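Before any comments, here is the structure.
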Amino acid sequence: MELKQTVENLLDAALESYPELFLVDLKVGADNSIKVILDGDNSVRLADCVAISRAVEHELDRDTIDFSLEVTSVGVSTPLQLPRQYKKNIGRKIEVTTTAA
């Protein structure tokens, strides 16, 4: 199984224990660098990132594959990408930029 698919499956399983968190982006580089970006209905705490990181890392075999793993939350200036992110920002002032199609 491809590394990205394996990580997606592990994230799905880990996030079942944290229904308030959701995956915004997952990138796996050619060098097996894995970057996971999370958001939450309320917020994402450092402890949440650590828990998700451990849940994924402990299921990957370093003897089989050399990888790096970074789990982070979206930044305040990160564009909204998912409908769930828009819902959590109702009532907040945001800047909207549109582009012509």
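The values are calculated or read from the model by the stated rules, or taken from the named source; none is laboratory data. A quick note: this is a predicted structure, and the numbers were derived from the prediction, not measured. Please note: Cβ atoms are built from the backbone with ideal geometry, for glycine as well, and neighbour counts cover all protein chains shown. With ligands, DNA and RNA removed, areas are computed over all heavy atoms of the protein, side chains included. Shrake-Rupley method; radii C 1.70, N 1.55, O 1.52, S 1.80 Å.
On the basis of being open to solvent by 60 Å² or more (accessible area, probe 1.4 Å) and within 19 Å of Val74 (Cα to Cα), does Ser17 make the cut? So Ser17 fails the test.
For the condition among the polar types (S, T, N, Q) and either loosely packed, with under 14 Cβ neighbours inside 10 Å or farther than 27 Å from Gln5 by Cβ (or both), Thr97 qualifies.
Of all the residues in region 63-77, those that are open to solvent by 50 Å² or more (accessible area, probe 1.4 Å) and either under 13 Å from Asp25 (Cβ atoms) or under 13 Å from the mean Cα position of the chain (by Cα) (or both) number 1.
Residue-by-condition table, conditions (1) without any contact (Cβ under 8 Å) to a residue 12 or more places away in the chain; (2) of a type in the set (A, V, I, L, M, F, W, C); (3) open to solvent by 60 Å² or more (accessible area, probe 1.4 Å); (4) out of contact with any strand residue (DSSP E or B) (no Cβ under 8 Å at 6 or more places or on another chain):
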| site | (1), (2), (3), (4) |
| --- | --- |
| Val24 | no, yes, no, no |
| Val28 | no, yes, no, no |
| Asp39 | no, no, no, no |
| Ile52 | no, yes, no, no |
| Val56 | no, yes, no, no |
| Asp61 | yes, no, yes, yes |
| Leu80 | no, yes, no, yes |
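Taking region 84-93 as the range and being open to solvent by less than 100 Å² (accessible area, probe 1.4 Å) and either basic (Lys, Arg) or at pLDDT below 75 (or both) as the test, the residues that pass are Arg84, Lys88, Asn89.
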